[in-house]
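The values are calculated or read from the model by the stated rules, or taken from the named source; none is laboratory data. Bear in mind the structure is a predicted one, so any value in this text is a computation, not a measurement. Please note: Cβ atoms are built from the backbone with ideal geometry, for glycine as well, and neighbour counts cover all protein chains shown.
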Amino acid sequence: MQTNLKVKRQDPEANGSQPHFQEYSIDIHPDSTILDALIYVREEVDGTLALRCSCRASICGSCGMKVNGRARLVCKTRVADLAPEGEQLTVEPMGNQRVIKDLVVTLDTFFDQIKRVEPYMKPDKEPESGEFIASNESMTNLLTAMNCIMCGCCVSDCTVLEVDDNFIGPAALAKAWRFTEDPRDDQRDQRLKTLNDEDGGIWDCTRCMQCVEVCPKDVAPMDRIMELRDAAIEAGNRDTHGYHHTESFYNSVKKNGRLDESRLALDSAGWTSIPRLLDLVPVGLKAMMKGKLPPLFPHKAEDKQKIRDVYEKVEGERE
Amino acid sequence: MKYAFYPGCVARGGAPELFTSAVAVMERLGIEWEELTKAACTGAGVLQEKNRKMGDVLNIRTLAMAEEKGLNVLVICSTCQGVMSQANHRVQRNPEYLAEINAVLADEGLEYKGTTEVKHLLWVAIEDIGVEALKNTFQKQLDGVKLAPFYGCYMVRPSEALGFKENPGRDTSLETVIEAVGGEVFDFPGKTACCGFPILFINQANSLRMVSNHTGAAKDGGADAMVTPCPLCHLNLDGYQPKARRKNRGDKADMPIIHLPQLLGLAMGMSEKQLGLQRHIVSTKDIVRKVELIPAK
């Protein structure tokens, strides 16, 4: 089948080289992956094209790239699935990472983030005899995060990293979760406290789900971050704006069945944080003048006692 | 065509113009509805950070109420759509979990069988009404109006829970509507990104950078306005645009953030007041005037 590739080319180390797109029209087997197509280009059409790959079977995690604006393992993506009629495919290097050449990025950023969460077991003492034994159940629980092949797709498309390179990032946070949940590790509380307190920690995720969508291994990093938030709260970390935000939301629905937006803003700022409370004033005034300030007495669900009953029942299950 | 209507907290709170414009548009489209007044908030993914099951129980309760009436749920908020779809997806794949949730709902005499569909007005317009029938309700062709789509995360991800595979076209639904009203689409990568609202009160600097990047990209691309099916995106991109643009780009807030029903209403020939366009923080005057000057078909 005929395939049209539009590939982003760049060589930052070469003087005067500007990023630009180059188009290739090639004839490939209908079962080809995008990686097959790119290798064909490199071998048969243009030997200067730089790309990285190894296993070609979505195990090694080397060939993460953006295709049509979304990070993917190109060895796992068939051309015909994205461009059945020979539509043009735009291939770019992954985002939020430095480009070495063409489609190859350095993984320095990625591994710096991973190192921040101390991704190794930290037991307090030696095993009594032989090795540490963990139950099958506890290991099955970790499978989601352990499936990570460190390809960097989630980091590439993370919307927070786009505006803040200090964020620990989805891959590293999923890795951190893996250690907080491992029964052989004895630093759970300390890990949760660090992830909770640190700038760029668990509360900076926007819950946009890009990482969940692009992960080729169903690690669902954002779900792991949400579990970290839950665990951090349970472990007594209750002094962040993120905690107050979640708590206020949870209690507002419990009380009224609905969200009390004004209360949420005030609770999240923190009732004792004068600068943050003052910061709400200009926006609040503008909204009031336009008749769109959230009602001070919030809209309530009818028969809200029923919702409180649900809360009591589900909370009771947890205890 | 009748739906169980779930307007969501923001349409009933900080963005009342969304509720009134949606209702006006739904009437023109011949949509009948019954509001689910006893339903709880979806939790917006925030409540779920503390207790995911609580969120699922509350949402399945809402879906059970609609199921009892034999109706699908109509929403006008990307976040409501996503959070309810995710809960629905979880129980539909896991009968044991559904039984657990039904055990909680039994006290109220509710039981969810798993048959309710949740549909945003955006999908209803395209899939249930159809593009041609939709076009027949328009009095104006918005020639020369350039619009930037902005979906809201929960309207596009996770695509599996949102039924993108079974319903092709959902990933470009907003562009389809913009083209249907006769507008020109300004396509940009930010259209499916995060607006920053969820971290507005947690990391405002990052949130404002997102607002500035997206509204700035639309401005640089020559868009007359951004259109969004998500009132949370609206609140952040509209309400915080002045501060975000001043801080990050050193320019003025000049990108109107139009709710989806307001765009449909403008094409239907409704007035600025009827659609609540005068209530936005970023002035909508220029685009309103531009549309007013277009003669009716």
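Just give me the residues in the range B:173-204 being over 19 Å from B:Pro231 (Cα atoms), modelled with pLDDT of 95 or more and surrounded by fewer than 24 Cβ atoms within 10 Å (Cβ to Cβ), in sequence order.
B:Thr176, B:Glu179, B:Ala180, B:Val181, B:Gly182, B:Glu184, B:Val185, B:Phe186, B:Asp187, B:Phe188, listed by residue number.
Collect the residues in the range B:227-276 that are buried (at least 24 other Cβ atoms within 10 Å of the Cβ), among the polar types (S, T, N, Q) and more than 14 Å from chain A (Cβ to nearest Cβ), keeping them in residue-number order.
B:Thr228
Take the range A:135-180 and flag every residue that is in contact (Cβ under 8 Å) with a residue 60 or more places away in the chain, within 14 Å of another protein chain (Cβ to nearest Cβ) and surrounded by fewer than 18 Cβ atoms within 10 Å (Cβ to Cβ).
A:Asp165, the sole residue that qualifies.
Select from the range A:196-218 the residues that are among the polar types (S, T, N, Q) and more than 9 Å from chain B (Cβ to nearest Cβ) and list them in ascending order.
Filtering the range A:196-218 down to residues among the polar types (S, T, N, Q) leaves A:196, A:206, A:210.
Correct list: A:Asn196 only.
Can you tell me which of B:Ala24, B:Ala66, B:Ala99 is free of Cβ contacts under 8 Å to residues at least 40 places away in the same chain, part of a helix (DSSP H, G or I) and farther than 26 Å from A:Ser268 by Cα?
Values: B:Ala24 fails: free of Cβ contacts under 8 Å to residues at least 40 places away in the same chain; B:Ala66 fails: free of Cβ contacts under 8 Å to residues at least 40 places away in the same chain.
After applying the criteria, what remains is B:Ala99.
Taking the range B:82-93 as the region of interest, how many residues are out of contact with any helix residue (DSSP H, G or I) (no Cβ under 6 Å at 6 or more places or on another chain) and either closer than 19 Å to B:Glu35 by Cα or not in a helix (DSSP H, G or I) (or both)?
2
Given the range B:210-267, what helices (runs of 4 or more DSSP H) lie entirely inside it while holding 1 or more residues that are farther than 15 Å from B:Ile281 by Cα? Before you say what the answer is, go through the steps one by one.
Details: elements: B:231-234, B:241-248, B:260-267.
Passing ranges, in order: B:241-248, B:260-267.
Name the pairs: first residue in the range B:267-278 and closer than 23 Å to B:Gly13 by Cβ, second residue modelled with pLDDT of 95 or more and in a loop (DSSP other than H, G, I, E, B), Cβ to Cβ under 6 Å, at least 6 apart or on different chains?
Cβ pairs passing all conditions: B:Leu277/B:Thr284; B:Gln278/B:Glu272.
Identify the single condition in (1) more than 7 Å from chain B (Cβ to nearest Cβ); (2) out of contact with any His (no Cβ under 9 Å at 6 or more places or on another chain); (3) modelled with pLDDT of 90 or more that A:Lys304 does not satisfy, given that it satisfies every other one.
Condition not satisfied by A:Lys304: (3).
Among A:Asp108, A:Asp102, A:Asp124, which is the only one that is closer than 20 Å to A:Ser54 by Cβ and surrounded by fewer than 13 Cβ atoms within 10 Å (Cβ to Cβ)?
Numbers: A:Asp102 fails: surrounded by fewer than 13 Cβ atoms within 10 Å (Cβ to Cβ); A:Asp124 fails: closer than 20 Å to A:Ser54 by Cβ.
So the residue among A:Asp108, A:Asp102, A:Asp124 that is closer than 20 Å to A:Ser54 by Cβ and surrounded by fewer than 13 Cβ atoms within 10 Å (Cβ to Cβ) is A:Asp108.
Look through B:Ile281, B:Ile258, B:Ile202 and report the one residue that is β-branched (Val, Ile, Thr), outside the structural domain of B:Gly43 (by TED's automatic domain parsing) and under 24 Å from B:Val46 (Cα atoms).
Values: B:Ile281 fails: under 24 Å from B:Val46 (Cα atoms); B:Ile258 fails: under 24 Å from B:Val46 (Cα atoms).
One residue alone meets the criteria, B:Ile202.
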